[in-house]
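> Could you have a look at this structure, given as structure tokens, before my questions?
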Amino acid sequence: METTTPKLILVPTDFSAPAAHALRYAAALGARFEAHLLVIYADLFMPYADLSIPAVVPSDITQSDRIEIARQQLTSFTESNIGKTLPHDIRVVVDTPADAILAQVRESGANVIVMGTHGRTGLRRLLFGSVTESVMRLAPVPVIAVHESTPDSAPMRVIVGSRSTPEARAAVEYAGILADVAQVRFVDAGDVVSLPGAARNEAA
């Protein structure tokens, strides 16, 4: 898995509040590393039976019209959360969210994914499962899952299960790249260590 600094950040969204927070977090990360953002919305554009969740677009129009309305909403949503000055592109994809995210990573060359947690609920969660969990299992690049309580920028805390696995070593290395100071808790040992981050190393 790559552990380079972010260059192209893929930011999936479902227009929820957690997704908006993740987009702002990605924007702060992008500004820090002078990275480009690719913001995507993926959907099959089919009507849903769960009326407690408002559809992104009306259900009584053609799919192409629904896609165009979603593109307009994605443009507005992106600009309202990151502004127009940060380099970014938007993309609407007709696919299930997890499959679309993984495909866009391969096609775009994105080297990190930033996405929110606790987005979809109800029937959409039952249909798609937890998108964030699926992407974290299958993505070939680092995935930063941003909880809505996470500050836009703060020292990073990383919990890893073991010191010895390649995944644990990659997580620790990437935390050191992204954060001014990364506090890493090793579950198997119970101890906490602090790593100097990329910004501190560059200043030295």
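> How about segment 60-97: which of its residues are of a type in the set (A, V, I, L, M) and part of a helix (DSSP H, G or I)?
Within segment 60-97, 67, 69, 70, 74, 82 qualify.
> Taking the stated definitions as given, is residue 199 modelled with pLDDT under 70, within 22 Å of residue 7 (Cβ to Cβ), outside any loop (DSSP other than H, G, I, E, B) and out of contact with any strand residue (DSSP E or B) (no Cβ under 9 Å at 6 or more places or on another chain)?
Answer is yes for this residue.
> If I go through segment 135-166 residue by residue, how many of them are assigned to a strand (DSSP E or B), open to solvent by less than 30 Å² (accessible area, probe 1.4 Å) and at pLDDT below 85?
Looking only at that region, the number is 2.
> Checking the conditions here, which among 64, 80 is of a type in the set (Gly, Ala, Ser) and either farther than 19 Å from residue 30 by Cα or at pLDDT below 85 (or both)?
On inspection, the qualifying residue turns out to be 64.
The values are calculated or read from the model by the stated rules, or taken from the named source; none is laboratory data. Computed from a predicted structure; not experimentally measured. We place every Cβ from the backbone using ideal geometry, glycine too, and count neighbours over all the protein chains shown. Just so you know, the surface numbers come from the protein's heavy atoms only, side chains and all, with ligands and any DNA or RNA stripped out. Shrake-Rupley method; radii C 1.70, N 1.55, O 1.52, S 1.80 Å.
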